[in-house]
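Here is the structure we will look at, set down as structure tokens.
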There are 2 protein chains.
Amino acid sequence: MTTVNEVSGPSRLAQPGEGFSAEEVQLAARNHGLPLEALRYDVTPVGLHYLLTHYDIPETEPGTHTLTIDGRVDHAVVFDLAELRRRPCATQRVTMECAGNGRALLEPRPVSQPWLVEAVGTAEWTGTPLAPLLRDAGLSPEAVDVLFTGADHGVERGVEQDYQRSLPVPEALREDVLLAYEMNGAPLLPQHGSPLRLVVPGWYGMAHVKWLHRIEVLDHAFDGYQNAVAYRVRQHPDDPGVPVTRIEPRALVQPPGFPDFMSRTRAVRPGTVPLTGRAWSGHAPVTVVEVTVDAGLSWEPATLDPAPDGPGAGTEWAWRRWRYDWVAAPGRYTLSARATDASGRTQPVEQPWNRGGFANNLVQRVEVVVLAG
Amino acid sequence: MTTVNEVSGPSRLAQPGEGFSAEEVQLAARNHGLPLEALRYDVTPVGLHYLLTHYDIPETEPGTHTLTIDGRVDHAVVFDLAELRRRPCATQRVTMECAGNGRALLEPRPVSQPWLVEAVGTAEWTGTPLAPLLRDAGLSPEAVDVLFTGADHGVERGVEQDYQRSLPVPEALREDVLLAYEMNGAPLLPQHGSPLRLVVPGWYGMAHVKWLHRIEVLDHAFDGYQNAVAYRVRQHPDDPGVPVTRIEPRALVQPPGFPDFMSRTRAVRPGTVPLTGRAWSGHAPVTVVEVTVDAGLSWEPATLDPAPDGPGAGTEWAWRRWRYDWVAAPGRYTLSARATDASGRTQPVEQPWNRGGFANNLVQRVEVVVLAG
């Protein structure tokens, strides 16, 4: 018998000192992060935004694509793209981060997509708000979860599936949740969910279902693979865990100077080095960014830029730039930045481990050599 | 003394059985290949084209960017973008491949950007032909090489440099070599060389200098890092080697069915499976594509589509689609396709090893499980 079980291996942790596998590198070659110098852009240019595709990018057709809203609603409805575009339109600037960002730095390392720190990007998403659509369809009083189904199809751990994720009803009814058909002012690209995707500002990327074609209102909590098996913070395989939801605070340093091709170690000229980067959180606005240039022995406050202008730029769910002037003398340094948000969450300097490598916001380390003058 | 030598390690080969290093994964996370399902598109959508950046994507400004042509010419000239856009304009559809494609499959493995088979893409490049610019500047009779300098700056193996590559004069004077300012009908994106790059149809990616700001005509062969040290096919460190130039023939299979997330092994329903993919060569048009479904025991001819229509589509330097109908019964299979071009070059089924992992066109292997019916 040849079944889908044969295409999947079990989940596992790397052994101590075990190098990355060809499977991990294969995922890294097709998915990609933000090149860190692209932290310079308020809005990430097309093609530089991080991208994770669970299965294949499906072949969709904007002209015939439809969205069905059904399940526990008073009247099921079907929309085509033209109908959705005639509804009220909103633009949100949103920083999106993969829930697995930081996984490859963990010890022991969960074997999956091997992100270091770069699985992030900020885009301006334009679409129609979800909440009025749900209200128009008439949510049943028994409604518990809203289930979103994409056109992407594959296997994970032996489970054949269309990609599906649910949101609890109160989250689905937030006024800033969008059904987006444009990114940065242009129709969605195939890899970002063309022609329609969900955008849930503040949540990790797994919630922003791409290639969206069905929204089903459920009278129970969705227990499918992506909610109940994957994307849970657990300490051991039998731990039921807690769901991965909102983005933990993180700051990144835009690496100064110029890099070595292979090591990415930075060479920097001595003198005043204007350090900058971005910081974000999906829980609450970032209130403090601190910088260390001595590998964490001492931390100094950075300056936060005002929230930027532009369409959707007022949202609290887009990253903000920080700045810190470093007076650099020749030598070797390890730079980090650390974000704290208005909810009091801050980034750890020791790793917060979990078995899936999710929601990990250990501070980044940037290796720098300041050259002799 | 802190010097740029401190940011670089020596070149090396992985030990037998050595897993991939964090440095290799770090490169894989920022550079990216073509997700193989994107072989479905004649022209690769923005963001899916492979991308390799040696250093950082530099910050350039289209409004003030200039191109200088100097060296062994009768009169040095400086152009801004508006002036280049007023010159004759041409569009070429070109398949571009990284010279290091396939490196990560080699035994022993050269430790560098770990491409498997996906470092490829096809774009429509629009710009002004280079040859008339050089003729207008007046090439000296002593001209030997034409040197192209980009705005990207970094270190490789201890050598601090702007990215520079030369072409021999006869290649630089080919009528199809472009100074491109558009990709797929839009201004170049930052990561693809905004606002100006060189496009040398048929050559590996290292020749297509991005962020181009200077063209210098030399009376000698350029002996800088990227021509004399990197991008040479050599068998041992002291081998002077031969330069990497044109793209060796390659066919890729668009993986059929649907994938497992982690292993990327394909699950396929039994019956007639229309296999398809692309084939290209930088030496001469592809004339034959063969397919094996039994790991190379037997090869059957595929059908080549006619060359596609569209602007620049008539060029011989764009990939062509091939098709093969596979009658698939349940079981495990390894699929490959093999391209042969009009120069008689064909893909090897045993690895052609060299120390840099360049110009490697070993046939791809796609693992497939055909499910029980």
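Couple of notes before you dig in:
- Residue in the range A:317-334 that is touching a residue at least 24 places away in the same chain (Cβ under 8 Å) and farther than 29 Å from B:D152 by Cβ present: yes
Matching residues to (1) modelled with pLDDT of 95 or more; (2) facing chain B (nearest Cβ under 10 Å); (3) touching a Phe, Trp or Tyr at 6+ places or on another chain (Cβ under 6 Å); (4) buried (at least 16 other Cβ atoms within 10 Å of the Cβ):
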site	(1), (2), (3), (4)
A:E24	yes, yes, no, yes
A:A38	yes, yes, no, yes
A:P58	yes, yes, yes, yes
A:L81	yes, no, no, yes
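- Of the residues making up the range B:162-179, those that are out of contact with any His (no Cβ under 7 Å at 6 or more places or on another chain) and part of a strand (DSSP E or B) are B:Q164, B:R165, B:S166, B:L167, B:P168, B:L178, B:L179.
- The numbered conditions (1) away from every other protein chain (no Cβ under 14 Å); (2) in contact with a Lys or Arg (Cβ under 7 Å, 6 or more places away or on another chain); (3) touching a residue at least 12 places away in the same chain (Cβ under 8 Å) are all true for A:V242 except (3).
- Verdict on A:W280 being of a type outside the set (G, A, S) and more than 30 Å from B:E6 (Cα to Cα): yes
- A:P58 being in contact with a Leu (Cβ under 6 Å, 6 or more places away or on another chain), touching a residue at least 60 places away in the same chain (Cβ under 8 Å) and over 17 Å from A:W319 (Cβ atoms): no
- Of all residues in the range A:117-146, those satisfying the criterion of being over 20 Å from A:E83 (Cβ atoms) and crowded, with 21+ Cβ neighbours inside 10 Å are A:V117, A:E118, A:A119, A:V120, A:G121, A:T122, A:A123, A:E124, A:D145.
- Only one entry in B:E171, B:E175 is under 19 Å from the mean Cα position of the chain (by Cα), surrounded by fewer than 19 Cβ atoms within 10 Å (Cβ to Cβ) and not β-branched (V, I, T), namely B:E171.
- Residue under evaluation B:S298, criteria (1) surrounded by fewer than 18 Cβ atoms within 10 Å (Cβ to Cβ); (2) without any contact (Cβ under 8 Å) to a residue 12 or more places away in the chain; (3) within 25 Å of B:C98 (Cβ to Cβ), criterion not met: (3)
- Qualifying residue in the range A:72-88 (condition: of a type outside the set (A, V, I, L, M, F, W, C), in contact with an Asp or Glu (Cβ under 8 Å, 6 or more places away or on another chain) and not assigned by TED's automatic domain parsing to the domain that holds A:W322): yes
- Qualifying positions in the range A:147-161 - buried (at least 20 other Cβ atoms within 10 Å of the Cβ) and not in a strand (DSSP E or B): none
- Odd one out for A:T64 among (1) facing another protein chain (nearest Cβ under 10 Å); (2) of a type in the set (S, T, Y); (3) farther than 19 Å from B:R30 by Cα: (1)
- Of the numbered criteria (1) within 30 Å of B:Q351 (Cα to Cα); (2) surrounded by fewer than 19 Cβ atoms within 10 Å (Cβ to Cβ), the one B:L252 fails is (2).
- Residues of the range A:1-20 that turn out to be within 7 Å of chain B (Cβ to nearest Cβ), in a loop (DSSP other than H, G, I, E, B) and in contact with a Pro (Cβ under 9 Å, 6 or more places away or on another chain), as a count: 3
- Against the test of being more than 14 Å from chain B (Cβ to nearest Cβ) and on the phi < 0 side of the Ramachandran plot, the options A:E171, A:E160 yield a single qualifying residue, A:E171.
- Hits in the range A:40-56 (condition: crowded, with 18+ Cβ neighbours inside 10 Å, under 30 Å from A:L304 (Cα atoms), at pLDDT 95 or above and within 7 Å of another protein chain (Cβ to nearest Cβ)): A:P45, A:G47, A:L48
- Selection status of A:L105, surrounded by fewer than 19 Cβ atoms within 10 Å (Cβ to Cβ) and either free of Cβ contacts under 8 Å to residues at least 12 places away in the same chain or within 19 Å of the chain's Cα centre (by Cα) (or both): yes
- Residue count, the range B:318-366 (criterion: more than 29 Å from B:Q235 (Cβ to Cβ) and surrounded by 18 or more Cβ atoms within 10 Å (Cβ to Cβ)): 11
- Counting the residues of the range A:336-373 that are within 14 Å of chain B (Cβ to nearest Cβ), within 29 Å of A:P270 (Cα to Cα) and not β-branched (V, I, T) gives 6.
- Qualifying residue in the range A:292-304 (condition: over 21 Å from the mean Cα position of the chain (by Cα) and under 27 Å from A:D176 (Cβ atoms)): yes
- Residue match in the range B:142-153 (condition: in the same structural domain as B:L13 (by TED's automatic domain parsing), out of contact with any Pro (no Cβ under 9 Å at 6 or more places or on another chain), among the polar types (S, T, N, Q) and under 25 Å from B:E59 (Cα atoms)): yes
- Residue in the range B:131-148 that is within 18 Å of the chain's Cα centre (by Cα) and either acidic (D, E) or within 14 Å of chain A (Cβ to nearest Cβ) (or both) present: no
- Every condition in (1) closer than 18 Å to A:A99 by Cα; (2) not assigned by TED's automatic domain parsing to the domain that holds A:R40 holds for A:G205 except the one numbered (2).
- Residue count, the range B:80-102 (criterion: free of Cβ contacts under 8 Å to residues at least 40 places away in the same chain and of a type in the set (A, V, I, L, M, F, W, C)): 2
- Boolean, B:S281 is among the polar types (S, T, N, Q) and surrounded by fewer than 20 Cβ atoms within 10 Å (Cβ to Cβ): no
- Conditions (1) within 13 Å of the chain's Cα centre (by Cα); (2) not in a strand (DSSP E or B); number of the one not met by B:V94: (2)
The values are calculated or read from the model by the stated rules, or taken from the named source; none is laboratory data. Everything quoted here is computed from the prediction, not taken from an experiment. Cβ coordinates were reconstructed from backbone atoms using ideal geometry, including for glycine residues, and neighbour counts include every protein chain displayed.
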